[in-house]
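We did not get these values from a lab; they are worked out from the coordinates using the rules stated. All figures in this text were calculated on a predicted structure; none of them were measured in a lab. Neighbour counts are summed over all protein chains in view; Cβ atoms, including those assigned to glycine, are modelled from backbone coordinates with ideal geometry.
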Amino acid sequence: MQLCLLFDGAQPLDLEAFISDFIKAESLTGNTYKPFESTPLFGAMYDGANDVMLTIELMPCRAQDSVFKQDLAFNFNLLLAPDAADRIKRHKSHILINVHHGVFPDLSANAGLMEKISGVLPGQTTHLFQKRVAIAEHVAALINEKAPISLVHHVTFNVLVPGDHFARFVQMPIPHVLHLRPYVYSAERHANGSLMYGYVTMGASFFIDREIYMAPTHIPWLEAITILLDFVHLAMPDIGYIIPDGDTFGPLDESWNFRISHVPTGEKIDDFEGPLYRMDLVMHKATNFEATSYVKPVRTFDDRNIPKDLKADIGRSLPEFEQNVRSKREMAEKAGNILQVRTDIADPKNEPPERRGLARWLPFFRSRGK
């Protein structure tokens with residue numbers, strides 16, 4: 001895990017004093033960092049309790065411009081830091097923060113054997129990866145309090161972000177906006193003339209089993225990324241709730257609703273290969289958008305209270321239907337959430353003949369506390 005911090009000044013920080021203060025402060029929280037090298041330009045310390053190595057290197061010179069060339073062209077970075085090129089040109093020094101699992105283990109000879117034995121290399125679990133991300137970002141935020149950072153290059157995620165924005169983002173739970181690295185792959189025109197943006201994440205697979213494709217939508221980009229993050233947080237191992245293929249999800253306030261599709265390995269969406277989770281907007285309250293596939297929650301139920309008229313419509317498939325809904329409900333409740341099935345027919349007796357018996361089913365996941 002590496003972060004590169006750019007500064008406008010040539011000597012932004014007393015590194016030895018910072019490391020000394022950092023170790024004292026961390027000891028109060030139970031982290032046992034032990035320094036084994038400390039100079040005015042380099043510090044290395046090891047936390048045995050968490051088996052983490054942290055190094056901080058102050059470089060009183062410019063970083064090579066070529067390091068940033070590819071990321072400067074990435075469109076998400078242009079949204080985060082439209083003046084990133086200017087910040088890079090004017091910087092005079094930089095700090096490198098590296099966080100590793102263990103004391104720089106040499107796995108070159110036995111990596112294959114270790115992976116066969118355990119199924120995963122040391123430190124390569126999602127939990128430990130999150131821990132390294134948190135440590136690196138915590139150290140960078142502390143440095144920013146001492147010496148304002150002009151630009152942060154989040155090397156692992158290929159993200160460029162101004163120091164003041166970075167300080168706000170890292171207060172959010174991991175993963176946050178900087179970790180998804182959504183690629184804006186499409187900019188279509190909506191019927192009302194506004195632009196519709198499509199996104200593919202390039203960082204979600206650090207936290208869940210695949211990346212996410214969001215079909216072009218007219219909602220603001222920051223709201224779209226927040227929704228992507230909602231999905232990732234649900235799917236992460238500590239919650240572990242993957243929205244089933246074909247179902248939809250949204251918050252309790254019914255402000256939006258997305259349909260989820262599971263794109264398997266070997267299939268493609270546009271130029272993007274599976275496996276992917278695909279998200280299609282079916283309702284957005286703020287802009288009065290409703291797709292033709294949207295089912296209004298005229299009646300909602302689960303496996304425990306299926307309306308009698310709908311049971312009749314389902315007929316012989318009722319036991320299978322009840323079991324399917326029950327398993328989804330139990331899975332959702334285990335993750336602390338809600339699952340409901342909804343139909344847009346209120347009462348079949350009051351519907352015209354062509355509507356009777358044509359209830360549309362929609363399993364709909366609703367997140368608590370959103």
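Odds and ends about this structure:
- When each of M283, M59 is scored by the number of other beta-carbon atoms lying within 10 Å, the sequence from fewest to most is M59, M283.
- Nonlocal Lys pairs with alpha-carbon distance under 29 Å, region 2-176 (8 or more apart, or different chains): 13
- Cβ crowding within 10 Å ranks F42, F7 as F42, F7, fewest other Cβ atoms first.
- From least to most packed, judged by other beta carbons within 10 angstrom and beginning with the fewest, H179, H165, H101 follow the order H165, H101, H179.
- When the Cα gyration tensor is reduced to axis lengths a ≥ b ≥ c, the ratio a/c is 1.5 or higher for region 182-290, and with a/b not above b/c it is classed as oblate.
- Student exercise, the chain dipole from Lys, Arg, Asp, Glu Cβ charges, in Debye to nearest 20: 780 debye
- Helix 318-334 vs. the chain, principal-axis angle (Cα, 0 to 90°, nearest 10): 30 degrees
- For Cα extents along the principal axes in Å, calculated from these coordinates, the label among (i) 60, 45, 37; (ii) 106, 42, 29; (iii) 83, 51, 39: (iii)
- Per-residue ellipticity at 222 nm from helix content only, as computed over the chain with -39500 (n - 2.57) for each DSSP H run of at least four residues, stands at -8500 deg cm²/dmol.
- Whole-number percent relative contact order across the chain, with pairs defined as alpha carbons under 8 Å at least 6 apart: 12 percent
- Three-way shape label, region 151-201, alpha-carbon gyration tensor, a/c 1.5: prolate
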